[in-house]
Amino acid sequence: MWTVPNIITFFRVLLIPVFVGVYFLDWRWAREAGAFVFWLAAITDWFDGYLARKLEQTTPFGAFLDPVADKLIVATALIMITHSYGSLWITVPAIALMVREIYISALREWMAKRGYSDSVKVSFIGKAKTMAQMLALIGLLSGLETFMGFPLYWVTLGHCLLYIAAVLSIWSMLEYTANAWTHLKGQPMEKF
């Protein structure tokens with residue numbers, strides 16, 4: 001159970017309170033440091049999957065914990081940016097992203113219980129959504145528009161990527177639903 005990839009995944013879960021605590025410190029660079037902790041967590045997501053495949057250490061526990069860790073840290077970051085910016089323009093796409101995550105998790109669980117999990121496995125659109133979402137969150141969490149006098153526009157880029165992630169999120173949600181539709185509309189269930 002405690003393989004190297006699973007330890008890294010568990011470390012990502014432990015980073016959540018660190019991320020929140022650092023982000024809200026009363027310190028000039030707190031937001032940037034919080035964004036760095038989030039970035040570190042995002043990197044461990046890629047790294048643990050790579051190691052699990054490379055070392056052939058995939059486990060049922062890891063298959064369960066990895067997506068849970070991802071959703072926990074992303075949901076935390078989405079809540080934090082809606083709090084920090086207090087803007088409808090951030091809140092609406094953040095809600096779309098969270099709704100999609102809950103919906104897809106429920107859909108995947110339902111499909112897996114019926115033996116159809118291959119119908120809703122991760123697609124290219126889902127991976128593109130995740131990449132745009134992670135980069136958007138890093139930019140928005142950092143709050144950086146300039147660094148040492150040089151323009152960075154990370155917040156502006158973060159806003160744009162958040163909307164791209166929201167569009168890809170809805171697109172992938174529709175794609176997964178279409179793939180699962182024949183199973184969803186199947187035979188009516190018996191009444192109790």
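The values are calculated or read from the model by the stated rules, or taken from the named source; none is laboratory data. All figures in this text were calculated on a predicted structure; none of them were measured in a lab. Ideal geometry is used to build each Cβ from the backbone, glycine not excepted, and the neighbour counts take in all protein chains shown.
Looking at Met98, Met80, which one is at pLDDT 90 or above, in a helix (DSSP H, G or I) and within 18 Å of Ala41 (Cα to Cα)?
Met80
Go through segment 135-153 and report how many residues are closer than 18 Å to His83 by Cα and either modelled with pLDDT under 90 or acidic (Asp, Glu) (or both).
Total satisfying the criteria: 2.
Can you tell me how many residues within segment 20-61 are part of a loop (DSSP other than H, G, I, E, B) and in contact with a Pro (Cβ under 9 Å, 6 or more places away or on another chain)?
Of the residues in segment 20-61, 4 are part of a loop (DSSP other than H, G, I, E, B) and in contact with a Pro (Cβ under 9 Å, 6 or more places away or on another chain).
Quick one: would you say Met111 is at pLDDT below 90 and assigned to a helix (DSSP H, G or I)?
Criteria met by Met111.
Scanning for something over 19 Å from the mean Cα position of the chain (by Cα), of a type in the set (Asp, Glu) and loosely packed, with under 15 Cβ neighbours inside 10 Å, does segment 97-117 turn up at least one residue?
no
Any idea which of Thr91, Thr58 is surrounded by 14 or more Cβ atoms within 10 Å (Cβ to Cβ), without any contact (Cβ under 8 Å) to a residue 60 or more places away in the chain and under 20 Å from Gly143 (Cα atoms)?
Thr91
Could you list, in sequence order, all residues of segment 160-180 that are under 16 Å from the mean Cα position of the chain (by Cα), within 17 Å of Leu140 (Cβ to Cβ) and of a type outside the set (Gly, Ala, Ser)?
Scanning segment 160-180 gives Leu161, Leu162, Tyr163, Ile164, Val167, Leu168.
For segment 1-19, how many residues meet the condition of being surrounded by 17 or more Cβ atoms within 10 Å (Cβ to Cβ) and either touching a Lys or Arg at 6+ places or on another chain (Cβ under 8 Å) or not in a helix (DSSP H, G or I) (or both)?
Residues flagged as surrounded by 17 or more Cβ atoms within 10 Å (Cβ to Cβ) and either touching a Lys or Arg at 6+ places or on another chain (Cβ under 8 Å) or not in a helix (DSSP H, G or I) (or both) within segment 1-19 amount to 1.
Residues are listed down the side, and each one gets a yes or a no for (1) polar (S, T, N, Q); (2) in contact with a Leu (Cβ under 6 Å, 6 or more places away or on another chain):
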{"position": "Arg28", "(1), (2)": "no, no"}
{"position": "Glu32", "(1), (2)": "no, no"}
{"position": "Leu40", "(1), (2)": "no, no"}
{"position": "Ala52", "(1), (2)": "no, no"}
{"position": "Glu56", "(1), (2)": "no, no"}
{"position": "Thr59", "(1), (2)": "yes, no"}
{"position": "Ala77", "(1), (2)": "no, yes"}
{"position": "His83", "(1), (2)": "no, no"}
{"position": "Ala94", "(1), (2)": "no, yes"}
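Looking at (1) closer than 18 Å to Ile104 by Cβ; (2) in contact with a helix residue (DSSP H, G or I) (Cβ under 6 Å, 6 or more places away or on another chain); (3) at pLDDT below 85, find the lone condition where Ala132 falls short.
Condition (3) is where Ala132 drops out.
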